[in-house]
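Have a look at the structure below, then the notes.
The values are calculated or read from the model by the stated rules, or taken from the named source; none is laboratory data. Quantities reported herein were computed from a predicted structural model and do not represent experimental measurements. When we count neighbours, we look across all protein chains shown, and the Cβ atoms used for this are built from the backbone with ideal geometry, even at glycine.
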Amino acid sequence: MDERQFRAFVSIAEAGRMDLAAEALGYSQPAISYQIKCLETTLRTKLFTRDSTGARLTTQGQMLLPAARAVVTLFDSIKQTFDAHDPASGARPVTPRNRVPAARGVARTATVGRPRKPAER
């Protein structure tokens, strides 16, 4: 599941038609259909019923819609946070150092391949 799939899902649910949702998102209709197919495959459920008049949410789609809207809102919020600290503007985001401390009891480095020989004394 990714942002595009959730955006496509919410857009179709709101527009009621895949072609209108695709146009609003700047996708082709086959591309937005593919996003929904991938989301349906991942969730193992059908989210829309499709007919000549458009696309309607299934019961499972109605259950997903509030969470999908929340996910899209979260993505927008994350983007806004970083847009506010755009390096081109000279502003710097307030963030912790760019390193993640090792968890207690966990080695700081992983051995890949052969283990090192112990240092001679």
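Observations
- Verdict on G61 being touching a residue at least 24 places away in the same chain (Cβ under 8 Å), in contact with a Gly (Cβ under 7 Å, 6 or more places away or on another chain) and not aliphatic (A, V, I, L, M): no
- Members of the stretch 1-54 that are among the basic types (K, R) and in contact with a strand residue (DSSP E or B) (Cβ under 7 Å, 6 or more places away or on another chain): R17
- Single unsatisfied condition, A55 versus (1) crowded, with 18+ Cβ neighbours inside 10 Å; (2) assigned to a helix (DSSP H, G or I): (2)
- Pairs with Cβ under 8 Å, 6+ apart, first in the stretch 69-80 and over 12 Å from E3 (Cβ atoms), second in a helix (DSSP H, G or I): R69/V10
- Number of the exception - D51 against (1) in contact with a Leu (Cβ under 8 Å, 6 or more places away or on another chain); (2) at pLDDT below 95: (1)
- Yes/no for A21 being at pLDDT 95 or above and aliphatic (A, V, I, L, M): yes
- Residue among K46, K37 that alone is part of a loop (DSSP other than H, G, I, E, B) and either modelled with pLDDT of 95 or more or not small (G, A, S) (or both): K46
- Within the stretch 14-35, the residues that satisfy the criterion of being hydrophobic (A, V, I, L, M, F, W, C) and closer than 18 Å to F75 by Cα are A24, L25.
- Residues that are more than 17 Å from the chain's Cα centre (by Cα) and more than 17 Å from A67 (Cβ to Cβ) within the stretch 13-26 comprise A15, G16, R17, M18, D19, L20, A21, A22, E23, A24, G26, listed in sequence order.
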